[in-house]
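K.L.:
A single structure is presented below for examination.
The values are calculated or read from the model by the stated rules, or taken from the named source; none is laboratory data. Everything numeric in this text was worked out from a predicted model, so none of it was measured. Neighbour counts run over all protein chains shown; Cβ positions are idealised from the backbone, glycine included.
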Amino acid sequence: MSEVPEHELESRRETVLDDSLKGASILTRMPSVSAAQWSARSLLVRWLIAVRATVLVLTLSSAAFGGLLALHAALSTAARFDAIAWGACCLGLVLAHATNNLLNDLTDTWRGVDDDNYFRTRYGTHVLIHGLLSVRGLWGYIAATGSAALAIGLALLWHTGPEILLPLIAGAFFLLFYTWPLKRWGLGEVAVLLVWGPLMVCGSLLVAGGSVDTGTIAAGFLFGVGPTLVIFGKHIDKLEFDAAKGVATLPVRLGEARARRWVVAMTVAQYPLALLLVFTGALPWPVLLMLASVPSAWRLIRMHRAPRPTACPADWPEDTWPLWFVAGAFVHARETALLMLAGMLAAVLLAAI
């Protein structure tokens, strides 16, 4: 596999980014913007850049899956379905995730983790490291975004009742303590599986009017595998940097080879778990549309069978490097989530007939 020298890659990247940002959507890619580009954009666009809006689709997907589970149950059993509360829950969870991303950047900058961090500054715009916002300005973003998320959460608690209190408290805990100390203790990956899995899926299900049982909790874990693959890939990509900074993520503790094997195991495990949940009736059969993501899973498995390249391969997008495993995991996670959502939507339509 031929590789591009780093100095040549850097000169090419500037041209690629400058050209692609002219028409690229900040909702579909991680842009890296200059100070001039930043100041020329509206406050909303700046906020979307600062919170890394591209990854918020993972949160929206989990919330949507929980709501579709509730809607399917309502159509099948004539139970209650609260569409307005579900919509508010989706918005609140997206704002909570955005707040976490802002806090992540603030905390890691304070602790020196993001100083000279080649990976983080390539993983989208870092508003502090790139000098686009002051610490005070970032606090303003955090306060506004976090307050909106909290207000929605409290409104849903008042509207829905105490059954969502536990997910609300758990979500607040992970939002505040994911970056430190959970990620440093090697618990960040577990937190992602819990949050983007049963916590968001079952929380959305409860808000929308459904009920939680063992099957829906297991379905939440199934949906949480995708975001967990993404965070594993991200932490494997920057394993050496995290180790040097004293951030003992799970891949740092496992080592790259074992971490890659964990990713392969989780990727494979999605499919028998989905089959089991459909067989036991926990999920409707159209969810098996996710089996169409097997080719994507195979590509991800093949990628993780070899160590990460030391330099950008010639056939790899230059503006993506040094993101490698996380880029592959994100593609697979997004495809699997969309297929599962499409399957649930099909199940809803069939139940409505």
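K.L.:
When you scan the range 1-60, how many residues do you find that are closer than 30 Å to T336 by Cβ, modelled with pLDDT under 50 and either surrounded by 11 or more Cβ atoms within 10 Å (Cβ to Cβ) or polar (S, T, N, Q) (or both)?
P.N.:
6
K.L.:
Considering only the range 283-296, I want to know if a residue exists there that is part of a loop (DSSP other than H, G, I, E, B) and closer than 30 Å to S76 by Cβ. Give the steps one after another, and end with the answer.
P.N.:
We begin by selecting, within the range 283-296, every residue part of a loop (DSSP other than H, G, I, E, B); these are 283-284.
Filter again for closer than 30 Å to S76 by Cβ, leaving 283-284.
Yes, because at least one residue in the range 283-296 is part of a loop (DSSP other than H, G, I, E, B) and closer than 30 Å to S76 by Cβ.
K.L.:
Given the condition on the phi < 0 side of the Ramachandran plot, at pLDDT 95 or above, assigned to a helix (DSSP H, G or I) and surrounded by fewer than 19 Cβ atoms within 10 Å (Cβ to Cβ), answer yes or no: does some residue in the range 319-331 qualify?
P.N.:
No, the conditions are met nowhere in the range 319-331.
Residues checked against (1) farther than 27 Å from L275 by Cα; (2) aromatic (F, W, Y); (3) without any contact (Cβ under 8 Å) to a residue 12 or more places away in the chain:
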site: G171; (1), (2), (3): yes, no, no
site: L175; (1), (2), (3): yes, no, no
site: P181; (1), (2), (3): yes, no, yes
site: W196; (1), (2), (3): no, yes, no
site: M200; (1), (2), (3): no, no, no
site: V252; (1), (2), (3): yes, no, no
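K.L.:
Please find, among A311, A342, the residue that is under 30 Å from L75 (Cα atoms) and either surrounded by fewer than 21 Cβ atoms within 10 Å (Cβ to Cβ) or charged (D, E, K, R) (or both).
P.N.:
Of the residues listed, the single one that is under 30 Å from L75 (Cα atoms) and either surrounded by fewer than 21 Cβ atoms within 10 Å (Cβ to Cβ) or charged (D, E, K, R) (or both) is A342.
K.L.:
Of these, L277, L345, L339, which one is closer than 20 Å to T54 by Cα and assigned to a helix (DSSP H, G or I)? Before the answer, list the steps.
P.N.:
Details: L277 fails: closer than 20 Å to T54 by Cα; L345 fails: closer than 20 Å to T54 by Cα.
The match here is L339.
K.L.:
Quick one: which helices (runs of 4 or more DSSP H) sit completely within the range 136-240 and have at least 1 residues that are surrounded by fewer than 18 Cβ atoms within 10 Å (Cβ to Cβ) and not aliphatic (A, V, I, L, M)?
P.N.:
On the way: elements: 165-177, 188-194, 200-208, 214-237.
Once the helices (runs of 4 or more DSSP H) in the range 136-240 are filtered for at least 1 residues that are surrounded by fewer than 18 Cβ atoms within 10 Å (Cβ to Cβ) and not aliphatic (A, V, I, L, M), what remains is 165-177, 214-237.
Yes or no, residue by residue, for (1) over 24 Å from the mean Cα position of the chain (by Cα); (2) part of a helix (DSSP H, G or I); (3) modelled with pLDDT under 90:
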site: R80; (1), (2), (3): yes, no, yes
site: A85; (1), (2), (3): no, yes, no
site: C89; (1), (2), (3): no, yes, no
site: L93; (1), (2), (3): no, yes, no
site: A96; (1), (2), (3): no, yes, no
site: N100; (1), (2), (3): no, yes, no
site: L103; (1), (2), (3): no, yes, no
site: D114; (1), (2), (3): no, no, yes
